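The values are calculated or read from the model by the stated rules, or taken from the named source; none is laboratory data. Fair warning: this is a prediction, and the values are worked out from it, not measured in the lab. Neighbour counts are summed over all protein chains in view; Cβ atoms, including those assigned to glycine, are modelled from backbone coordinates with ideal geometry.
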Amino acid sequence: MTWNIVCDSSCDLKAAELQPDWLHLEVIPMRISVGGTDWLDDETLNVPALLEAMQNEKSASSTACPSPASFARAFEAADCTLCFTISGNLSGTYSSAVVARDMVLEEHPEKKICVIDSKSTAGVMVLLVRRAQKLIESSDDPDFEAICEALRVYQASLRTVFTLECFDNLIKNGRMRPLVGSLLHTLGIHVIADATPQGTIHVAGKARGEQKTLQGIVELMRTSKDCTGADVVLSNCENLACALRLKELILRELPVKDVTILPCRGLTSYYSMKNGLILGF
C-alpha cells in the first residue's frame, strides 16, 4: 500500500523533507503573476527576486491556483492520498483539488483520496503534513478513514497568527487606502491578525515597534487556545533574526512543546511580504 501526502505550495515544506519508499510528499506549485510575468512557486523560485519585482511593479499582482489536472496526476500516483490546501476562502485551490479527486475516483474507484481545507496556510499546513505522517507510520496497517477523521479534528484545533509591516500588496489590490498604508509604515506600526475558524482573516490589533509586536503575537496566541504541549511552526519572509527573537519569547512565555522556524516560499511571501511572520500552532 503506497501513500501520498499532497499539498499546494502555500505549505512552506519542500518535497525532499518526506521521501520514504512508501510515503511520498508532493507539493503542487501555485503561480504568482507580477507585471505580466508568471513566477512558478516551485523549489527553484528566488524569493528575494520575487519580492523585488513586486515592490517595483506599480500595478496589482495576483496568484493562480493549481489546475485540477496537476492534483489529479499526484492523486493517481498512490493507493491512498491525503491532500491539504490553503483556505478555500483565500483561493480556489481547495475546489480544484476536490474536482481532481472526483475525476480520479471516476477512473480509479479503488483509490482512496481525502481532501482537507486547512482553513489557513503556511505553518498549519506543515503541522497537518507532519501529523499525517505520524498517523500513517504509527500502524503496520493504517486505517484510511480513521486517519482522515483524526486529521479533520486536528485541523479544527489549529490556529494561525501573523503580522505584516509591509502593506504594498494590500494597497495595490485596493484593500487598503494608500494614505493609511503610508502612515502605518511611517509610524512603524505592524498589523497583527489571525485566521477565523472559517478561514478568513481577522485583524486583531496593531503594535508600534518590533518588541511590542512580538509581545502582541504572544498574547494573541495565549488567548487563542491552550498552548500547552503545542507544536509551533513559524514562517518568516526574509526576517530570520526577528523570527529567532520571537521563538525565544514564545518558549519563555508559553508552555509550547517546540518552535520550528521555516523560510516562506513564494506564495506565503506574496501574502506576508518582506519581514512578515506567520505562525501555525
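Taking SER87 as the residue in question, decide whether it is out of contact with any Cys (no Cβ under 8 Å at 6 or more places or on another chain) and not in a helix (DSSP H, G or I).
yes
If I ask for residues that are crowded, with 21+ Cβ neighbours inside 10 Å and in a helix (DSSP H, G or I), which ones from the range 251-270 would you list?
GLY266, LEU267, THR268, SER269, TYR270
Residue pairs, Cβ under 7 Å, 6 or more apart or interchain, first in the range 206-217 and surrounded by fewer than 15 Cβ atoms within 10 Å (Cβ to Cβ), second assigned to a strand (DSSP E or B) and acidic (Asp, Glu). List them.
none
Assess whether VAL161 counts as being among the β-branched types (Val, Ile, Thr), modelled with pLDDT of 75 or more and either surrounded by 12 or more Cβ atoms within 10 Å (Cβ to Cβ) or within 30 Å of MET1 (Cβ to Cβ) (or both). Outline the logic, then answer.
Numbers: among the β-branched types (Val, Ile, Thr): yes; modelled with pLDDT of 75 or more: yes; either surrounded by 12 or more Cβ atoms within 10 Å (Cβ to Cβ) or within 30 Å of MET1 (Cβ to Cβ) (or both): yes.
Yes: the conditions hold for VAL161.
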